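Chemist: Provided herewith is a single structure, encoded as structure tokens, for subsequent inquiry.
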Amino acid sequence: MHRGLLSRRLQSLAAALLAAAAPLATASGSAEGSDPQDPSRPKSGAVRVIIETIVVDGLGTNSVARDEADLFRGQSGVVSKSLTLKGRAGSAFRQEQVELNTRLARGDDDRTSCPLMLAIVATSAPVGAPAATPADAERKALSLALDAGETEMTPAYVSPWTGARITLRITCGEAQPADVPGTWSSMAFDIALERAEDDAPPQLLRSDRLSTTLGREVGSLFSSNRPLPDTAEGERRYRSERLDVQVSPSILSGGRLQVEVRVRGEVATIAASGTHGRHPIDVQETLVLASGESGDIEVIVAASPEEDGWSSVRYLLRVTGRF
């Protein structure tokens, strides 16, 4: 392990996150819902990126730092390290000072979990020699395409003075929700549920403000009975609608919040002779919101006009974060 090589003053990657502007978050699903494990689902949520700094010098091979942060699409962060490297056997200098700055940005490519772009700047000089200037810096830029659980070893710096090397071990993982629910300040979510049928304009069914904290779930239930035309035999019937909206904020990073939203329920045709059609709803989506930003989830339920008395109904759920 580290033996005095690493400066005690480390700049955390998580604290250096710079949130980029993001478009309105939107999602859609059918009445049968969408499998959260489906690889075709957009990877809109956060991923956890871990950077381990490994030094090979006169003291051997040592892992001298480990930084991690949860990154959304378009976000970037900076890891800054001040390192003293010891000369390897046969090198001209006994030690050198290195300032290593790595800027890491997550791209917007859905083909992998972690499309990453790195810009590495290393400024170095032997101890006792004149300090290096920015013009002396060694620079490199590269991109990585990692899936969850994958690790890449990236050479960051090879010293011309001491023969030492610095390598970054970069791992992509799944961002984890808050470990201790309720320890964060309260946040609110404004939800608005609309319904549209055929060519009729959308109708607001319910609006509500839900308050919760990071790691906790909060919900709102909508239910309604809507008259339908009688059957050919003259039997009266109606459409029963029930939608249960559950909102769970899970990860806060760089001023953006990952919110898991689930809509469950059922739309059914009810008549005196019984239920003629049941259409279950189970849609789960991930929204990434800034405070005041909205995300939409659309649910479309199709039916048989002959059997159910209606053809389709479209629900639009809008979730706005206040935190």
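The values are calculated or read from the model by the stated rules, or taken from the named source; none is laboratory data. Values in this document were obtained by computation on a predicted structure and should not be read as measured data. As a convention, Cβ positions derive from the backbone with ideal geometry for all residues, glycine included, and neighbour counts pool all protein chains shown. The area values use the complete protein model at the heavy-atom level, side chains included, leaving out ligands, DNA and RNA. Shrake-Rupley method; radii C 1.70, N 1.55, O 1.52, S 1.80 Å.
Chemist: May I ask you to verify whether T154 is polar (S, T, N, Q), farther than 30 Å from S253 by Cα and surrounded by 15 or more Cβ atoms within 10 Å (Cβ to Cβ)? Before the answer, list the steps.
Modeler: Numbers: polar (S, T, N, Q): yes; farther than 30 Å from S253 by Cα: no; surrounded by 15 or more Cβ atoms within 10 Å (Cβ to Cβ): yes.
So T154 fails the test.
Condition check ((1) in contact with a Pro (Cβ under 9 Å, 6 or more places away or on another chain); (2) among the aliphatic types (A, V, I, L, M)) across all residues:
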| position | (1), (2) |
| --- | --- |
| S224 | no, no |
| R236 | yes, no |
| L257 | yes, yes |
| V267 | yes, yes |
| G274 | no, no |
| G292 | no, no |
| E298 | no, no |
| P305 | no, no |
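Chemist: Something else now. Could you list, in sequence order, the residues of the range 113-128 that are farther than 12 Å from P160 by Cβ and either touching a residue at least 24 places away in the same chain (Cβ under 8 Å) or out of contact with any Ser or Thr (no Cβ under 9 Å at 6 or more places or on another chain) (or both)?
Modeler: S113, C114, P115, L116, M117, L118, I120, T123, V127, G128
Chemist: Of all residues in the range 51-88, which are without any contact (Cβ under 8 Å) to a residue 60 or more places away in the chain and more than 26 Å from the chain's Cα centre (by Cα)?
Modeler: Across the range 51-88, the qualifying residues are L59, G60, T61.
Chemist: OK, next. Given the conditions (1) touching a residue at least 24 places away in the same chain (Cβ under 8 Å); (2) part of a strand (DSSP E or B); (3) charged (D, E, K, R), report the number of the one that D198 does not fulfil.
Modeler: Condition (2) is where D198 drops out.
Chemist: Before we move on, is L205 in contact with a Phe, Trp or Tyr (Cβ under 7 Å, 6 or more places away or on another chain), hydrophobic (A, V, I, L, M, F, W, C) and in a loop (DSSP other than H, G, I, E, B)?
Modeler: No; evaluated as a whole, the condition is false for this residue.
Chemist: Sticking with this structure for a sec: What single numbered condition from (1) closer than 30 Å to Q75 by Cα; (2) part of a loop (DSSP other than H, G, I, E, B); (3) among the acidic types (D, E) fails to hold for E260?
Modeler: Result: E260 fails condition (2) only.
Chemist: Could you say whether any residue in the range 86-95 is touching a strand residue (DSSP E or B) at 6+ places or on another chain (Cβ under 6 Å) and open to solvent by less than 10 Å² (accessible area, probe 1.4 Å)?
Modeler: No, the range 86-95 has no match at all.
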